[in-house]
1. Applying the selection to segment 210-241, what residues are aliphatic (A, V, I, L, M) and surrounded by fewer than 23 Cβ atoms within 10 Å (Cβ to Cβ)?
2. Going by what's in this entry, would L96 be described as of a type in the set (A, V, I, L, M, F, W, C), closer than 18 Å to P174 by Cα, touching a residue at least 12 places away in the same chain (Cβ under 8 Å) and within 13 Å of the ligand (Cβ to nearest atom)?
3. Quick one: count up the residues across segment 174-219 that are among the acidic types (D, E) and under 17 Å from L149 (Cβ atoms).
4. So which residues in segment 120-153 are touching a strand residue (DSSP E or B) at 6+ places or on another chain (Cβ under 7 Å) and either under 22 Å from A37 (Cα atoms) or not small (G, A, S) (or both), if there are any at all?
5. Restricting attention to segment 201-216, does a residue exist that is free of Cβ contacts under 8 Å to residues at least 12 places away in the same chain, out of contact with any Phe, Trp or Tyr (no Cβ under 6 Å at 6 or more places or on another chain) and more than 16 Å from the ligand (Cβ to nearest atom)?
6. How many residues does segment 28-44 hold that are away from the ligand (no atom under 12 Å from the Cβ) and under 15 Å from L101 (Cβ atoms)?
7. Within segment 242-273, track down each residue that is free of Cβ contacts under 8 Å to residues at least 24 places away in the same chain and surrounded by fewer than 16 Cβ atoms within 10 Å (Cβ to Cβ).
8. Restricting to segment 75-85, name every residue that is within 15 Å of the ligand (Cβ to nearest atom) and over 19 Å from P125 (Cβ atoms).
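The values are calculated or read from the model by the stated rules, or taken from the named source; none is laboratory data. Since this is a predicted model, take the numbers as computed values, not measurements. Positions of Cβ are backbone-derived with ideal geometry, glycine not excepted, and every protein chain shown enters the neighbour counts.
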Amino acid sequence: MSATLIDGKAIAADLRGNIARRVADLSERHGLVPGLAVVLVGNHPASESYVRSKSNLAHVAGMRSFDHRLPASAGQAELMSLIARLNDDPAVHGILVQLPLPDGYDPDAVINAIDPRKDVDGLHPFNSGLLANGLPALVACTPLGCMILAKSVHASLAGLEAVVIGRSKLVGKPAAQLLLAENATVTMAHSKTRDLAAVCRRADLLVAAIGRPGMVRGDWIKPGATVIDVGINRLPAEDGKNRIVGDVAFAEVRDVAGAITPVPGGVGPMTIACLLLNTVTAACRIAGVPEPQCMSSAG
Ligand code: GUN
């Protein structure tokens, strides 16, 4: 039997629709227009495409978006001074510095310089610390999207065996914290985990955030499990274009799993929708206006 496909594209479109309605309401009732600043340093091709989508979809949702492009040669000091200006700008409620930064930059120093109230990536230690303590935080967008997708399959995650592969600050660690907050039994696996296949076979819910194309095989999956594939790996295709594949060997895994996210069209669209959600949440918190409860998942 083939697994149910979790349609991230449709779920993200639905979320963006809710966000656009909320943005219109904020503007009408409170004169508040959420503003998102997106900073791209250098010209990493995949990052350029992500950044364009983020700005476009912010506009479509009725927000302001402020694009800042710096050449890779700009240097740490110029980037830090841009962050300081964005921190002070009352029209900006969310700041996202696209990662990875070019060589020669210190990403931790950059992230630590962002006002935690505007840290819509949820990467500042203040926000990751709040999350780890089960307190309201701005939560990293990709794991937030993964949770919404997991909850589209499971009304409750309480008591489920969840395995997260990958321990990055951007995905694995916050995903594990969010799952724990939902009362799942969480295992964090990583490159040094022994017998990863056996660990994965325990999972009712498997989140793969490794960055290795097709690494999770069909015989790693417990029959009926839910599989969330965070991987976005670009492989050269015969026609000269890139083909995007996940961290999961989709054709094998879909025959064993109960539900699975496709790549593309699964987690990817959720990341941007959650960025917009975090920007609305940040704007409401900064302005002291009630937050969007109906779609709130940000802590
Ligand atoms: N690069 C890949 N994913 C992300 C993300 O969620 N946020 C930022 N800032 N950079 C990224």
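1. The initial filter retains those residues of segment 210-241 that are aliphatic (A, V, I, L, M), namely 210, 215-216, 221, 225, 227-228, 230, 232, 235, 237.
Residues satisfying the conditions are M215, I232, L235, A237.
2. Values: of a type in the set (A, V, I, L, M, F, W, C): yes; closer than 18 Å to P174 by Cα: yes; touching a residue at least 12 places away in the same chain (Cβ under 8 Å): yes; within 13 Å of the ligand (Cβ to nearest atom): yes.
In short, yes.
3. Our first condition is that a residue be among the acidic types (D, E); within segment 174-219, this holds for 182, 195, 204, 219.
Add one more test, that the residue is under 17 Å from L149 (Cβ atoms), and what stays is 182, 204.
Number of matching residues: 2.
4. Residues of segment 120-153 touching a strand residue (DSSP E or B) at 6+ places or on another chain (Cβ under 7 Å): 120-121, 146, 149-150, 153.
V120, D121, C146, L149, V153 - these are the residues of segment 120-153 that are touching a strand residue (DSSP E or B) at 6+ places or on another chain (Cβ under 7 Å) and either under 22 Å from A37 (Cα atoms) or not small (G, A, S) (or both).
5. First pass over segment 201-216, keeping only residues free of Cβ contacts under 8 Å to residues at least 12 places away in the same chain: none.
So far as segment 201-216 goes, no, none of its residues is free of Cβ contacts under 8 Å to residues at least 12 places away in the same chain, out of contact with any Phe, Trp or Tyr (no Cβ under 6 Å at 6 or more places or on another chain) and more than 16 Å from the ligand (Cβ to nearest atom).
6. Number of matching residues: 2.
7. N242, R243, A251
8. Start the filter on segment 75-85 by keeping residues that are within 15 Å of the ligand (Cβ to nearest atom), which leaves 79, 82-83.
Scanning segment 75-85 gives a single hit, L82.
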